[in-house]
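The values are calculated or read from the model by the stated rules, or taken from the named source; none is laboratory data. For clarity, every value in this text was computed on a predicted model and none was experimentally measured. Glycine gets a Cβ as well: all are built from the backbone with ideal geometry, and neighbour counts include every protein chain shown.
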Amino acid sequence: MKSVVSLPELPLRKLAVVEAVEGDRAFRRRIMEMGLIPGTKVRLVAVAPMGDPLTLELRSSRLSLRRKEAAQVRVRV
Amino acid sequence: MSQSSTPASAESLRPLVALAGHPNTGKTTLFNVLTGSRARVGNYPGITVERRMGEAGLEGVGPVDVLDIPGTYSLVARTGEEQIAINAMLGLAGQRRPDAVVICVDATQFVRSSHLVLQALEFGLPVLVALTMTDEAKEAAPDPAEMGRHLGCEVVSVVAAHGRGVAELNTAIARRLRDPERREIWHWQPTAWLRRLLAETRTALPADWPSCDAMALWALMSVEPGDELHGIPAALRRAVHLPPETRKRVDDEAILGRYAFMDATLAPLGHHEPDRSLTERVDRILIHPWLGLLIFLLLMFVLFEGLFAGADPLIHLIERVFAAAGDEIKHALPGSILGHFVADGLLAGVGAVAMFLPQILLLFFFLGLLEDSGYLARVAFLMDRPMRAMHLHGRAFIPLLAGFACAVPAIMATRTMERRRDRVLAMMVIPLTTCSARLPVYTLIIGSLFPARRIGGVLPAQGLLVVFMYAFGMAAALLAALILSRALPPLRSRRLPLVLELPPYRRPRLRDVRGMVWDRSRRFVTDAGTLIVICSVVLWGLLDFPRQPASPSRDWKAAIAQVEPAARPEVERAKEAERLQQSYAGRIGKLMEPAIAPLGFDWKIGIGLVGAFVAREVFVATMGVVYGLEPDTAGSSLTLREKLRQEKRPDGSPLYTPLVGLSLLLFFALACQCTSTLAVVRRETGSLRWPLFLFAYTSVLAWLVSFAAYQTGRLLGL
């Protein structure tokens, strides 16, 4: 069964595909330039000690975003 | 500052090769290999970001200048720091226009890294690609020739650390320099709508900017209300002031357009996923919620211990060498002002600069290893949440911690943060952490004025007070960050979202780390060092002049001649005490007295405070001289402690009560009375404004807190 959730809701290490990227313009532009665009495969690989920020794996690189902003990215599981 | 002279005038008319690329793509290693690690380091005008220039010899071309552009993900910019890349690559804002642009592309993530290449090609820049990390990428690396054919520029595979491919890269650069052709290459087609928008925007571009679609696109994507860009004319701002949906549409079209090409045409060139199992395995431990934190704290303990214990023998050695050299000079030139000036003024100042070096070397060596291995980004990840609560950058943790050893290397370590606002905020609060120079002062005050009792028969009261002072310093630093970042417009700037790449773990290259440590130390000595020596000489003058008591209370010469030889040192010390009390510093102390009396201090403490400007621990020695005691730099002198306890106010009550002690402790904890710290802040911010602000706000804060503590204590009858 396929469902659309926001990035922070992903179970750890579960592969998903980016569905849509929203958020503050500069932030959105920067993560898109770094390859987080619709269709990109992404996994949540780590959560920092106090539950924030998160580390994602995409395009064989690792990217950390804060929970609040990562929630602007929707993914399909 | 001499280094920030305009680059165009100061440098030769040799061809200029610019080196660009994402962070962590081996760009610095390549720069070091091309230039033989000899970089002229300056600042970009107006911004304290280092501008590294080197020189390389190219066959058939001769010597060329090589510019190392700070790592960047995109040419689109949001801050002045990010704007450096576009200015340097296009030769805008007074920069020299490069004759070739080498873009480093990490072969293990060449698809994503190519985004920057595509942007540069759209500008028609003379681009060539250095495909780095091919040894690590193995099968995942694309074939350079094929990749070059698709991109429309030359691609050379390089493993800079082993020198592989460097000769080929040199040949390719030489070829590019001989080829005058500049062609705009677009790998995606803007829609008719965007083309119209680009054409309109082009008409609003400043005359000295290239009038091309890429430049118009840059303006559309970068310029927006609230950005922190420099030199954007109002006319252009008006032209690109578009509704948010329109801007998003522009972003989408450009970025998705490029990625469509990259994913369809470039991605198939890599036949494998790169092997990331090492990073995957190591990260499972190092950024594990509690295990990672534990290891981080352990590492920080090692760093801290190294700064404290490791650097100590070296610092003492330097201290002894300079003291011995000073004695030699005084012996060689007995009684002369010149000998006195060289030994106690100049040499002491140079010695003070030299004594900072062991900690600077150690801290930067450690930071270099952390950065090059990829761990420093993990520190920012682990510390982001707690530091953000205080409006500090996650990477500010290490400088703050290093501040407990000494604020000077700690302030230099703020360089690991990219944004000026983050760096300056950290610099403004680091001096509040309890540096090791405060410890002798604390030991003297606590040892003489507080009882060596055990609370409840177990906890040592004096030890607890020391621990309290450390906690107080840290709390003050964090609170100050919180308040300054709200109250001070230049430090306020809206909080930016975190977008932090965690690079793959790699073995640090010692040669690069060594080069960086050498660069930093050299610049500390030449820039901040000069200022520290000057300040040290000025303070020496205040403390040591006039050479004879201005209005002697007795005929000292006769007094010394009269007493028997064994008692002479004592009379000489009494004379020296009177001389210091009547010196310029003594006069300042008396001038200061009305200001510091409400804190419970008298003018003799005022002299000590002047002395503490050289370095805080000098307070102890200065107080020793004020009270005519034997020179003692260790601060453990029992006689000085006795003396403090016996000292009386004019009305006969003891001067140094525990309450005065507390007031003095709080004052020392908060006031940034350290010329070296101020000198290094001046050097790192490139302005006089910040060190002056730092001095002013910490002095006012220290005065207010000491005042509150002393007066409250008095009301309570302490």
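Computed values, structure above
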| quantity | calculated |
| --- | --- |
| Elements of type helices (runs of 4 or more DSSP H) contained in the range B:584-664, each with 1 or more residues being at pLDDT below 80 and under 27 Å from B:Val571 (Cα atoms) | B:618-626, B:638-646 |
| Members of the range B:257-279 found to be within 11 Å of another protein chain (Cβ to nearest Cβ), loosely packed, with under 15 Cβ neighbours inside 10 Å and assigned to a helix (DSSP H, G or I), listed by number | B:Ala260 |
| Failed criterion for B:Val158 (all others in (1) away from every other protein chain (no Cβ under 14 Å); (2) of a type in the set (A, V, I, L, M); (3) within 26 Å of B:Cys212 (Cα to Cα); (4) buried (at least 23 other Cβ atoms within 10 Å of the Cβ) hold) | (3) |
| Total residues in the range B:591-620, condition among the β-branched types (Val, Ile, Thr) and farther than 16 Å from B:Ala702 by Cα | 4 |
| Selection within the range B:698-718 - more than 20 Å from the chain's Cα centre (by Cα), part of a helix (DSSP H, G or I) and not small (Gly, Ala, Ser) | B:Val700, B:Leu701, B:Trp703, B:Leu704, B:Val705, B:Phe707, B:Tyr710, B:Gln711, B:Thr712, B:Arg714, B:Leu715 |
| Counted residues, the range A:10-49 - those being away from chain B (no Cβ under 13 Å), of a type outside the set (A, V, I, L, M) and surrounded by 14 or more Cβ atoms within 10 Å (Cβ to Cβ) | 1 |
| For B:Arg175: the one exception among (1) more than 21 Å from B:Ile86 (Cα to Cα); (2) in contact (Cβ under 8 Å) with a residue 24 or more places away in the chain | (2) |
| Residues within the range A:50-77 that are part of a loop (DSSP other than H, G, I, E, B) and either touching a Lys or Arg at 6+ places or on another chain (Cβ under 9 Å) or at the interface with chain B (Cβ under 8 Å from one of its Cβ atoms) (or both), tallied | 9 |
| So B:Thr526, is it assigned to a helix (DSSP H, G or I), free of Cβ contacts under 8 Å to residues at least 40 places away in the same chain and polar (S, T, N, Q) | yes |
| Index of the failed condition, B:Leu242 passing every other in (1) of a type in the set (A, V, I, L, M, F, W, C); (2) assigned to a helix (DSSP H, G or I); (3) in contact with a Leu (Cβ under 8 Å, 6 or more places away or on another chain); (4) not assigned by TED's automatic domain parsing to the domain that holds B:Ala100 | (2) |
| Looking only at the range B:352-387, and only at residues there that are charged (D, E, K, R) and either touching a residue at least 40 places away in the same chain (Cβ under 8 Å) or away from chain A (no Cβ under 14 Å) (or both), the one that is farthest from B:Pro503 (Cα to Cα) | B:Asp384 |
| Hey, B:Val533 buried (at least 19 other Cβ atoms within 10 Å of the Cβ) and under 26 Å from B:Phe322 (Cβ atoms) or not | yes |
| Verdict on B:Pro210 being in contact with a Ser or Thr (Cβ under 8 Å, 6 or more places away or on another chain), in a loop (DSSP other than H, G, I, E, B), surrounded by 15 or more Cβ atoms within 10 Å (Cβ to Cβ) and touching a residue at least 12 places away in the same chain (Cβ under 8 Å) | no |
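Per-residue answers, yes or no, for (1) under 11 Å from the mean Cα position of the chain (by Cα); (2) at pLDDT 90 or above:
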site: B:Asp372; (1), (2): no, no
site: B:Tyr375; (1), (2): no, yes
site: B:Val379; (1), (2): no, yes
site: B:Met383; (1), (2): no, yes
site: B:Gly394; (1), (2): no, no
site: B:Arg415; (1), (2): yes, no
site: B:Arg419; (1), (2): no, no
site: B:Val424; (1), (2): yes, yes
site: B:Val429; (1), (2): no, yes
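Matching residues to (1) farther than 22 Å from B:Val76 by Cβ; (2) within 13 Å of chain A (Cβ to nearest Cβ); (3) over 32 Å from the mean Cα position of the chain (by Cα):
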site	(1), (2), (3)
B:Thr108	yes, yes, no
B:Glu122	no, no, yes
B:Ala140	yes, yes, yes
B:Met147	yes, no, yes
